[in-house]
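Working notes for the structure below.
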Amino acid sequence: MSQPSIRVAHEDYGTSGRYVVSGQGMEGEAEMTWRSGGPGIIVADHTYAPPAMRGTGAAGAMMRRLIEDARNRGLRIVPACSYVRAQFDRHPEWAELRLDQA
């Protein structure tokens, strides 16, 4: 059985936003939210995938899009969400984008 095609949309509200995956053949909507942490910093604060979307690669696709956008915009990411923190731990090649704040 093939996996559904994953498309990630980015909604930017200025000082906050989200990455979202929804689509044909997928029940529900997965999201990764962020907020501004100051100039040049975004705080990735929440990731959720409904049970029907778990294991489809939706969360990973949102994470890769977050990384790509941060690189393109010259931003650093505070991993306030446990999923984002775990992904940074698994991908040392993203270390230059990580900013840990107390």
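Miscellaneous remarks
- Residues of the stretch 49-102 that are of a type in the set (G, A, S), more than 20 Å from E31 (Cβ to Cβ) and either in contact with a helix residue (DSSP H, G or I) (Cβ under 7 Å, 6 or more places away or on another chain) or not in a helix (DSSP H, G or I) (or both): G74, A102.
- Residues located in the stretch 10-25, provided they are modelled with pLDDT of 80 or more and surrounded by fewer than 14 Cβ atoms within 10 Å (Cβ to Cβ): E11, D12, Y13, G14, T15
- Residue tally, condition in a loop (DSSP other than H, G, I, E, B), among the hydroxyl-bearing types (S, T, Y) and in contact with a Gly (Cβ under 8 Å, 6 or more places away or on another chain), over the stretch 13-45: 1
- Residue selected from the stretch 61-102 under the condition touching a residue at least 24 places away in the same chain (Cβ under 8 Å), closer than 22 Å to P39 by Cα and of a type in the set (G, A, S), by the criterion surrounded by the most Cβ atoms within 10 Å (Cβ to Cβ): A70
The values are calculated or read from the model by the stated rules, or taken from the named source; none is laboratory data. Since this is a predicted model, take the numbers as computed values, not measurements. Cβ: placed from backbone, ideal geometry, glycine included. Neighbour counts: every protein chain shown.
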